[in-house]
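In what follows, a structure is listed as structure tokens, so that the remarks can point back to it.
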Amino acid sequence: MRAPVGGARPVVALACENVVQTFSRRWGLGRAVDGVSLRVGSGEVFALVGESGSGKTTLARMIARLLRPTSGRVLVGDTDVWRLGGRDLAGFRRRVQIVFQDPGGALDPRQTVLDAVEEPLVLHGLGDRRERRRKAGHLLDLVGLGLKEAGRFPHQLSGGQKQRVFIARVLALEPSLVILDEPVSALDVSVRAQILNLLLDLRRRLGLTYLLISHDLGVVRRVAGRVGVMHRGRLVEEGPVEEVWSTPAHPYTRALLDAAPIPDPRRRPDAPSRPPAELGERGESPGSSSCLYEPNCPKAAAICRRRRPVAPDGRRLVACHKP
């Protein structure tokens with residue numbers, strides 16, 4: 001396994017440059033992702049949050065080469081991933097891996113745990129059978145599973161154990177970038193903390209970079225260093241998690257945080273100006289030149305209807321005319 005990163009100058013592990021994904025619909029064209037640009041540093045945990053349909057998973061699929069962008073570029077390191085072919089593409093498949101929301105659905109019910117972890121090594125022709133079995137056993141130990149679980153089948157495992165198996169399977173190819181697509185949302189609350197702690201420990205030990213896709217703001221605050229807020233295909237705010245959470249600058253970010261349930265009602269911030277159901281259901285079509293949140297925004301002005309706000313470069317990015 002690769003040694004942890006330490007002392008090296010931070011480098012960009014992932015970059016999206018004005019990425020667009022246009023899709024056809026009954027009444028014309030729409031944009032699931034509308035000109036998103038972002039950078040993720042090596043060894044960082046970067047989270048994308050937003051409502052269902054905001055474009056988070058679509059963007060992740062383009063990064064993983066599962067869906068071709070309509071326009072724009074996706075770079076892993078300094079490589080444009082959509083220009084790869086042959087051996088370079090095989091190398092990319094090893095460097096970028098995905099942990100899915102439902103580990104049970106991603107595991108073959110006919111394979112034992114050990115076979116499931118070994119399979120990526122077989123598919124990529126890495127090592128002989130003895131080396132592969134030894135590495136698979138090491139990976140199971142790394143994620144907190146032992147010989148007892150190695151011979152079991154997925155239906156004999158708990159949800160948390162299945163996720164550990166899938167994480168071990170992802171690590172078999174020694175990736176540098178791991179996309180975490182709602183990695184704990186299908187798990188019991190009591191198991192979520194264990195899996196999150198495991199992911200953070202593996203990041204530290206192996207020098208991994210994470211792109212976390214989540215609607216759970218509590219999970220994001222716990223594990224991520226920076227966060228990007230997406231609304232109707234656009235990145236409307238980006239910055240350090242604690243700064244964005246404590247002083248949200250975009251009206252949509254504030255509404256999103258206000259709508260999140262808080263166990264103690266005495267600690268709840270000021271009530272949102274509009275019901276949570278109206279966070280993003282109205283407005284211009286993605287791809288338009290206006291601010292898509294303008295019809296629901298308490299700070300909306302005439303300029304919001306005329307010109308799309310662009311986030312300036314800096315530590316804290318806010319795409320709003322009146323942040």
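Summary of computed values
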quantity	calculated
Hits in the range 79-127 (condition: in contact (Cβ under 8 Å) with a residue 24 or more places away in the chain and among the aromatic types (F, W, Y))	F92, F100
Subset tally (residues that are assigned to a helix (DSSP H, G or I) and either surrounded by 18 or more Cβ atoms within 10 Å (Cβ to Cβ) or touching a Cys at 6+ places or on another chain (Cβ under 8 Å) (or both)) for the range 165-190	7
Residue in the range 226-234 that is at pLDDT 75 or above, farther than 29 Å from S42 by Cβ, of a type in the set (K, R) and crowded, with 21+ Cβ neighbours inside 10 Å present	yes
Checklist (1) in contact with a helix residue (DSSP H, G or I) (Cβ under 7 Å, 6 or more places away or on another chain); (2) surrounded by 16 or more Cβ atoms within 10 Å (Cβ to Cβ); (3) part of a helix (DSSP H, G or I) applied to V122, failing item	(2)
Flag if P272 is out of contact with any Asp or Glu (no Cβ under 6 Å at 6 or more places or on another chain), at pLDDT below 85 and not in a helix (DSSP H, G or I)	no
Verdict on I195 being at pLDDT below 95 and crowded, with 21+ Cβ neighbours inside 10 Å	yes
Residues of the range 220-262 classified as part of a loop (DSSP other than H, G, I, E, B) and either farther than 21 Å from G53 by Cα or not small (G, A, S) (or both), total	9
Residue within the range 149-170 that is in contact with a Ser or Thr (Cβ under 8 Å, 6 or more places away or on another chain), without any contact (Cβ under 8 Å) to a residue 40 or more places away in the chain and more than 28 Å from P309 (Cα to Cα) present	yes
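The values are calculated or read from the model by the stated rules, or taken from the named source; none is laboratory data. Computed from a prediction, not measured in an experiment: that's the story for all the values here. Backbone-built Cβ (ideal geometry, glycine too); neighbour counts: all protein chains shown.
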